[in-house]
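Read-outs throughout are calculated quantities, based only on the coordinates presented, and are distinct from any laboratory measurement. Predicted model, so just to flag it, every value in this text is computed and none were measured. Please note: Cβ atoms are built from the backbone with ideal geometry, for glycine as well, and neighbour counts cover all protein chains shown.
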Amino acid sequence: MITIYYRGHAQTLDIVRGVASGHRDVELSDYGREQAATDFRLAYEGVEFDAVYTSDTRRAYDTARLMLNGRAVSITRDARLRECDYGDMTGGPRKAVEALRPSHLREPFPNGESYVQVLGRMRQFVDHVARSDRGKTLLVVGHFATYLGLEHIVNGVPVEGALESKSHSHGVYILPEQQ
């Protein structure tokens, strides 16, 4: 069995501006850095992680780094944990992109990707940790797409249901040995 603690990255400059980041690399806001270093850190204070994975974006990596400051655990960046590529909508209004998510379940965002494509990346990641991290407790810091993949692949939640979820900032997933 593998226990996966999922945490969405802390507040970014794009979140403050109401902008959809997608694959664009953006920094944490001042509040986001404080959020990761205090609130997120305290939330996981009693949990011993064997391994930590983040997307390869600064916002995810910096969230994990600040959360785990002083702990002896390495952080592995993995592009498979990235947010959905919003293509031409990257940098556009966040609320508009969120409203369009259901229509891009199978149809890619213009010059971007679909959520089905995101699930393909996430399936590869889950299969990887199922082979390499048996019996371990993991922390995964990512994005809405990371959450969507874990909900669908590990918990069997239909993608449409996961897309509509309002509570995607954190969770715990149990990956059985046979996964």
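The mean of 1/r over all distinct Cα pairs in the range 102-146, once inverted, gives the Kirkwood hydrodynamic radius of 12.0 Å.
Taking amide H as placed 1.01 Å from N in the peptide plane, Thr76 has its amide H under 5 Å from the amide H of Val52, Tyr53, Thr54, each at least 5 places away in sequence or on another chain.
If you wrap the range 45-138 in the convex hull of its Cα atoms and look at it from every side, the mean projected area works out to 7.3 nm². Summarised in one figure, the compactness ratio Rg/Rh of the range 79-179, Cα atoms and Kirkwood Rh, is 0.98. 3J(HN,Hα) along the range 80-88: 5, 8, 5, 5, 4, 7, 7, x, 5 Hz, from the Karplus curve 6.51 cos²θ - 1.76 cosθ + 1.60 with θ = phi - 60°, whole Hz, x for Gly and Pro. Histogrammed with a bin width of 5 Å, the alpha carbon distances of the chain distribute as 1, 9, 18, 22, 21, 16, 9, 4, 0 percent, first bin at zero. The length gained on full extension between Glu27 and Asn111, counted as 0.36 nm times the residue separation minus their Cα-Cα distance, comes to 27.9 nm.
Which residue, chosen from Gly46, Ser74, Asn155, occupies the Cα position most advanced towards the positive end of the dipole of the range 2-175, where the dipole is computed from +1 (Lys, Arg) and -1 (Asp, Glu) charges on Cβ about the Cα centre? The Cα lying farthest towards the positive end belongs to Ser74.
Looking at the chain, what % of its DSSP beta bridges pair antiparallel, to the nearest 5?
Rounded to the nearest five, the antiparallel share is 40 percent.
Model label points for Arg134 and Thr76, set 7 angstrom from Cα along the Cα-to-Cβ axis, are 1.6 nm apart. Potential lengthening of the chain between Val157 and His170 amounts to 3.1 nm, from the contour at 0.36 nm per residue minus the alpha-carbon distance. Distances between placed amide hydrogens fall under 5 Å for Tyr6 paired with Val140, Gly171, Val172, Tyr173, all partners being 5 or more residues away or on another chain. Peptides 54-66, 106-118 ranked from most to least packed, by the mean per-residue count of other Cβ atoms within 10 Å: 54-66, 106-118.
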